[in-house]
Amino acid sequence: MAVTPVRAGDFKPYVWAFSKPSQAKYHMSFGAQLPFAGRLAFGSDLDLPSALPRHVMNAPRSYVPSGTFWTRLRFAGEQKLPGLDETAFTMRYDPLSDFTSTHVSAGKRFNFADRFDLTFRDTYSFSTAQFDTEDIDWNTTKTVEFSLKKTRTRFSAAVNTARSEEGVWHSRLAIDQPVSRSVSLHASIAEVQTDTPSSVFRARFTRSW
């Protein structure tokens, strides 16, 4: 595979993000990205515990930071691999637990007369402790998405299985409908092939000032 430089205007040589996902911690991602096809990047994720208010319900906790090392490749847009629209590879390593995880995904999108899109997505995840190649946990998900461009309605169907499931597949059907810029609706049903399916309905409201 040829190594193709990335356009200077589209490329950032650094990876940097900072957030507070909960009252109990801060999260920071930082690393470097190389200007070649696949945009090879490597870096670390760091979780920093924050001080909680003094309260009888807040038990004593450790303030030692934790984190993982990661590396990733992503092919999309002008750099996509033949026959695929998006391919991604991510590997993470946790030095405290000596745990390694790998995530691989690939997707292909078909556009029909600018009216709707049909997307096929395939993902695989692998994990192991102490790099033990004889004891690797894995799971895989196959997804089909149908999107109507005029109404922005998205239908999806997915099946999933894992090594621990011993060949048992799980299913899920879902529909997502944006109502406005700040309101969206979601409905899904899981295990549709069984006698006891479960369903979820959710409305989301977001607003930025």
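The values are calculated or read from the model by the stated rules, or taken from the named source; none is laboratory data. Quantities reported herein were computed from a predicted structural model and do not represent experimental measurements. Counting neighbours? That spans all protein chains shown, and the Cβs are built from the backbone with ideal geometry, glycine included.
A compact table of results
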| read-out | value |
| --- | --- |
| When residues of region 92-117 are limited to those that are among the hydrophobic types (A, V, I, L, M, F, W, C) and either modelled with pLDDT of 95 or more or outside any strand (DSSP E or B) (or both), the one nearest to SER164 (Cα to Cα) | VAL104 |
| Test for ARG154: is it closer than 28 Å to GLU86 by Cα, of a type in the set (D, E, K, R) and out of contact with any helix residue (DSSP H, G or I) (no Cβ under 6 Å at 6 or more places or on another chain) | yes |
| Checklist (1) basic (Lys, Arg); (2) over 30 Å from ARG72 (Cα atoms); (3) surrounded by 13 or more Cβ atoms within 10 Å (Cβ to Cβ) applied to ARG152, failing item | (3) |
| Filter result (assigned to a loop (DSSP other than H, G, I, E, B) and surrounded by fewer than 14 Cβ atoms within 10 Å (Cβ to Cβ)) within region 130-146 | GLN130, PHE131, ASP132, THR133, GLU134, ASP135 |
| Test result for PRO60, surrounded by fewer than 15 Cβ atoms within 10 Å (Cβ to Cβ), out of contact with any Ser or Thr (no Cβ under 6 Å at 6 or more places or on another chain) and either of a type in the set (Val, Ile, Thr) or at pLDDT below 85 (or both) | yes |
| All positions within region 177-209 that are acidic (Asp, Glu) and at pLDDT below 90 | ASP195 |
| First in region 142-158 and at positive phi and assigned by TED's automatic domain parsing to the domain that holds SER199, second anywhere and among the aliphatic types (A, V, I, L, M) and in a strand (DSSP E or B), Cβ under 8 Å, 6 or more apart | none |
| Yes/no for ASP176 being of a type outside the set (A, V, I, L, M) and in a strand (DSSP E or B) | yes |
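Let's see how each residue does on (1) surrounded by 15 or more Cβ atoms within 10 Å (Cβ to Cβ); (2) assigned by TED's automatic domain parsing to the domain that holds ASN160; (3) of a type in the set (S, T, N, Q):
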position: GLU78; (1), (2), (3): no, no, no
position: PRO82; (1), (2), (3): no, no, no
position: ALA88; (1), (2), (3): yes, no, no
position: MET91; (1), (2), (3): yes, no, no
position: HIS103; (1), (2), (3): yes, no, no
position: LEU118; (1), (2), (3): no, yes, no
position: ARG121; (1), (2), (3): yes, yes, no
position: SER125; (1), (2), (3): yes, yes, yes
